[in-house]
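Heads up: the structure comes next, in structure tokens.
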Amino acid sequence: MGRVRVRQHVNPLSDKYRQSITLPDWENVYNNVAQPLHLDIGCARGKFLLKMAPLYPEINFLGIEIREPLVIEANEHRDNLEFNNLHFLFCNINLFLTPLLDSFPLGVLKCVTIQFPDPWFKQRHIKRRVVQPELVNTLAQYLVEGGTVFLQSDVKIVAEEMGERFLDHPNFEKQHSEMWLQENPFPIATEREIATFNKGESVYRLLLKHYK
């Protein structure tokens, strides 16, 4: 199958991305829906999770992406590899995070990753950024005690804003003393992370832990 060409930027506030979603029956998706859940928000083509899933069969992985053609492509790859702990979902996460997490068993959300989200540089577009206070509040409600949030971006102001929004919430604490986490805590790098380092540019990372 050829690589799907899609727009790099889509406006999450447009009517096209505000329509309700149909959630699958997770019992039919995952071999064991009660396993810990790793939620990757803005998974793009899903290459990160497609490599993570076979390394950690004891974890269920869910990639969320607002560009539907990428979701279709990623699930086709998942099917070809016959993984039963991985799924990709077309979803505007800022609108449907609560019903999404409500559809899972209570207490399974263990890890959230948000990697290289669309920066939306213009001041009037900042409200389109994925890490909004409402998203942070919802994740704080559903993450298990000791659950983690990993953030990274190649745009410093975006990484700073994401970090500030999580650290403004009393249930999140940074897990490193230095300003930015030097090493990726996961064994797999995203395509964007690899491309950024190949250009000799910096990646700004934060690892946070959730406490009730």
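The values are calculated or read from the model by the stated rules, or taken from the named source; none is laboratory data. It should be emphasised that the depicted structure is a prediction, and the values quoted were computed from it without experimental measurement. With ideal geometry, Cβ positions are generated from the backbone for all residues, glycine too; neighbour counts draw on all protein chains shown.
Out of the residues in the range 148-184 meeting the condition of being part of a helix (DSSP H, G or I), within 18 Å of the chain's Cα centre (by Cα) and of a type in the set (D, E, K, R), tell me which one is surrounded by the fewest Cβ atoms within 10 Å (Cβ to Cβ).
Top of the filtered list is E164.
Working carefully through the options L81, L55, L62, find the one that is among the hydrophobic types (A, V, I, L, M, F, W, C), surrounded by 22 or more Cβ atoms within 10 Å (Cβ to Cβ) and on the phi < 0 side of the Ramachandran plot.
L62
If S177 passes every condition in (1) under 14 Å from L206 (Cβ atoms); (2) in contact (Cβ under 8 Å) with a residue 12 or more places away in the chain but one, which one does it miss?
Only one criterion in (1) under 14 Å from L206 (Cβ atoms); (2) in contact (Cβ under 8 Å) with a residue 12 or more places away in the chain is unmet by S177, namely (2).
Mind checking whether some residue in the range 185-206 is touching a Leu at 6+ places or on another chain (Cβ under 7 Å), surrounded by 18 or more Cβ atoms within 10 Å (Cβ to Cβ) and under 28 Å from N32 (Cβ atoms)?
Within the range 185-206, none of the residues are touching a Leu at 6+ places or on another chain (Cβ under 7 Å), surrounded by 18 or more Cβ atoms within 10 Å (Cβ to Cβ) and under 28 Å from N32 (Cβ atoms).
Taking the range 185-211 only, how many residues are outside any loop (DSSP other than H, G, I, E, B) and of a type in the set (S, T, Y)?
Selection size over the range 185-211: 2.
Can you list the helices (runs of 4 or more DSSP H) found entirely within the range 25-83 that contain at least 3 residues being closer than 19 Å to E191 by Cβ?
Hits in the range 25-83: 47-52, 68-81.
Does the range 134-143 contain at least one residue that is of a type outside the set (S, T, Y) and over 17 Å from the mean Cα position of the chain (by Cα)?
No, the conditions are met nowhere in the range 134-143.
Please work out if K47 is basic (K, R), closer than 26 Å to E161 by Cα and either at pLDDT below 95 or in contact with a strand residue (DSSP E or B) (Cβ under 9 Å, 6 or more places away or on another chain) (or both).
Considered against the rule, which asks whether it is basic (K, R), closer than 26 Å to E161 by Cα and either at pLDDT below 95 or in contact with a strand residue (DSSP E or B) (Cβ under 9 Å, 6 or more places away or on another chain) (or both), K47 comes out as no.
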